[in-house]
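Trainee: Structure below; questions to follow.
The values are calculated or read from the model by the stated rules, or taken from the named source; none is laboratory data. Bear in mind that the values here come from a model prediction, so they are computed numbers and not experimental data. Positions of Cβ are generated from backbone atoms using ideal geometry, with glycine treated the same way; all protein chains shown enter the neighbour counts. Side chains are part of the model used for accessible areas, which takes the heavy atoms of the whole protein and leaves out ligands, DNA and RNA. Shrake-Rupley method; radii C 1.70, N 1.55, O 1.52, S 1.80 Å.
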Amino acid sequence: MVNVTAQRVTEFTLTGSDQVPNQRLLGTLILVTYLFILLGNSANICVVASDRRLFTPMYIFICNLAAVDITFTTSAGTTLIGLLLLGIRNISYQECISRMFIYHMGDICLSLTLTLMAVDRVVAISNPLRYHSILTNGRTLALIAFTWLLAIVIMGLLVGILHSLPYCQPLLGFSFCNYATLVRAACVDPEPYFIYSTALTSWVIGVHLPLILATYVKIIYIVLKLSKNESRKQMVNTCVSHVIVVTCYFLPKCIVTLLTRVGVTLNPTERNALLIVSTLLPSFMNPAVYCFRTKEIRTRLIKILTRNCVNVIK
């Protein structure tokens, strides 16, 4: 029988990287990726914040996406860097819970933000003349605030569930703290508690992804009705960046979910690898996509860099 009266542990040991070869090389790659995520997303925020002409719903959403990316990757990224490069395997219970809260809160906010950005694009294309009256800056900020509040409430409930569990062994089988890892470390049958994470994943993949796809069906229908090729090209270009970002976010989640549904058993190393990719890939691609494919951000960033270079030379 399981001992459910075990004393709550005060510190966990991360064991997810024990079987990983070339840990320092992997840690270096994650460090470089994380620094690029910080630099790229910070650049997007600074560019939008420094130009009042970019204070429109589309760029406010991009700015929020950058803030979400930094939040989402910081909790997991810093833990991975400390584990793989510095050999920091121990983490306190409170810190682990806090990092788990931030990680999943960022994940929820990211899915909600991508959905709002899809709605923003379909409104802009289907109602171009009424766009600024339908989606004002005030409504945009209110929607963003709602996504953060909803994510905080959901994670508050999950933290309450985890905090009520007894922990009788301090080993975590993953490389950073997340909900599934902490449930597996508890002295209880984990299956009933996975219902909550399964419901959350089903909500993200089963509701947000179809809604985003529906907006693109609407956009494709509108584009096909246009007679001018130039207008078609312009509309398609406004959506390509979002398509790339959505693919990078949902594809790893769909792969993990599909493998689980068909009964494929992943070893800890494979599961850790998929989790790390699904965490870092979207936040790595987002700043690159919006810096290089969004003309206004790219132009503004070049002007800022050019001006700073001239000042340094002078």
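Trainee: By average Cβ neighbour count within 10 Å, what is the ranking of 116-125, 212-221 from highest down?
Mentor: 116-125, 212-221
Trainee: Along each of its three principal axes, how wide is the spread of alpha-carbon positions in the chain, in whole angstrom units, largest first?
Mentor: 70, 52, 35
Trainee: Under 8 Å for C-alpha pairs, at least 6 residues apart: give me the relative contact order for the range 146-217, rounded to a whole percent.
Mentor: Answer for the range 146-217 is 23 percent.
Trainee: Using packing as a proxy for protection, rank 27-34, 194-201 so that the peptide with the highest average count of other Cβ atoms within 10 Å comes first.
Mentor: In descending order of packing, they fall as 27-34, 194-201.
Trainee: Quick one: which residues, 5+ away or cross-chain, put their amide H under 5 Å from the amide H of Leu171? H built at 1.01 Å from N.
Mentor: Those lying under 5 Å, H to H, from Leu171 are Thr13.
Trainee: Using a 1.4 Å probe on the protein heavy atoms only, what accessible surface does His163 show? Give it in Å² to the nearest 10.
Mentor: 100 Å²
Trainee: With the contact rule set at Cα under 8 Å and sequence spacing of 6 or more, what percent relative contact order holds for the chain?
Mentor: 28 percent
Trainee: Would you mind checking the tilt of helix 93-126 against the longest principal axis of the Cα atoms of the chain, expressed as 0 to 90 degrees and rounded to 10?
Mentor: It works out to around 20 degrees.
Trainee: Could you report the range 103-242's accessible area per residue, 1.4 Å probe, as an integer in Å²?
Mentor: With all protein chains present, the range 103-242 gives 49 Å² per residue.
Trainee: What do you get for the angle between helix 295-313 and the principal long axis of the chain? Use alpha-carbon atoms, 0 to 90 degrees, nearest ten.
Mentor: 80 degrees
Trainee: Here's a follow-up. Based on the Cβ-Cβ distance from Thr15 to Ile195, what FRET efficiency comes out when R0 is 25 Å, to the nearest 0.05?
Mentor: After rounding, the FRET efficiency stands at 0.45.
Trainee: Take each of the peptides 241-254, 40-53, 133-146, average the number of other beta-carbon atoms within 10 Å over its residues, and list them starting from the highest.
Mentor: The packing order, highest mean first, is 241-254, 40-53, 133-146.
Trainee: May I pose another question? Between Leu259 and Asn137, what is the label-point separation in nm under the 7 Å Cα-to-beta-carbon projection?
Mentor: 4.5 nm
Trainee: Describe numerically, in nm with one decimal, the distance between label points set 7 Å from Cα along Cα→Cβ at Ser202 and at Gln94.
Mentor: Once both label points are built, they end up 3.7 nm from each other.
Trainee: Tell me, how many Å apart are the Cα centres for the range 97-155 and for the range 191-230?
Mentor: Their Cα centres are 14 Å away from one another.
Trainee: Still on this structure, I have one more. Just to confirm the number: angle between the C-alpha axis of helix 191-203 and the first principal axis of the chain, 0 to 90 degrees, nearest 10?
Mentor: For 191-203 against the chain, the angle is about 0 degrees.
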